[in-house]
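Take a look at the structure below.
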Amino acid sequence: QVQLVESGGGLVQAGGSLRLSCAVSGVIFSRHAMGWYRQAPGKQRELVARIFSGGTTTYADSVKGRFTISRDNAKNTVYLQMNSLKPEDTAVYYCNALLVTTNYWGQGTQVTVSS
């Protein structure tokens, strides 16, 4: 059974930092591209950052220079370090595992940034 379990969300003031974690089980973690998506109320889910099995990373323009995605294959865990948070970063953040065309999702963790 595939499980992706996010943690680390919460309430933070603008300018603050949070680190999200996603622990993965049930798949060969090292083979999967891992990503973080977010969905704000009334908006579509969007890709925030992705890290491929080889370590290459991509970011949405809105978070470049502020967010960092990383992975620890020994711990089957992917992280999202979020700095200089803005109110517009408020959303439910979802962890994603992708192998070719198969997607797995976590349950989401709420991030709220107050102004």
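Tell me the residue from G106, G65 that is open to solvent by less than 40 Å² (accessible area, probe 1.4 Å) and among the small types (G, A, S), please.
Checking each option against the conditions leaves just G106.
Under 9 Å by Cβ, and 6 or more places apart or on different chains, what pairs join a residue from segment 32-58 that is farther than 13 Å from A97 by Cα with one that is open to solvent by 80 Å² or more (accessible area, probe 1.4 Å) and aliphatic (A, V, I, L, M)?
none
Hey, among L20, L4, L85, which residue is open to solvent by less than 60 Å² (accessible area, probe 1.4 Å), touching an Asp or Glu at 6+ places or on another chain (Cβ under 7 Å) and either in contact (Cβ under 8 Å) with a residue 24 or more places away in the chain or of a type in the set (K, R) (or both)?
Only one candidate qualifies: L20.
Suppose the filter is more than 20 Å from V113 (Cα to Cα) and of a type in the set (A, V, I, L, M); does L99 pass it?
yes
Could you list, in sequence order, the residues of segment 46-69 that are in a strand (DSSP E or B) and under 14 Å from K86 (Cβ atoms)?
Listed by number, the residues that qualify are V48, F67.
Inspect all residues belonging to segment 105-115 and state whether any of them is over 19 Å from G9 (Cβ atoms), touching a residue at least 12 places away in the same chain (Cβ under 8 Å) and not hydrophobic (A, V, I, L, M, F, W, C).
No: zero hits.
Find the residue count for segment 83-115, including only residues that are of a type in the set (K, R) and part of a strand (DSSP E or B).
0
The values are calculated or read from the model by the stated rules, or taken from the named source; none is laboratory data. This structure is a prediction, so every number in the text was calculated from the model and none was measured. All Cβ positions, glycine included, derive from the backbone under ideal geometry; neighbour counts span all protein chains shown. We work out accessible area using only protein heavy atoms, side chains counted, and drop any ligands, DNA or RNA first. Shrake-Rupley method; radii C 1.70, N 1.55, O 1.52, S 1.80 Å.
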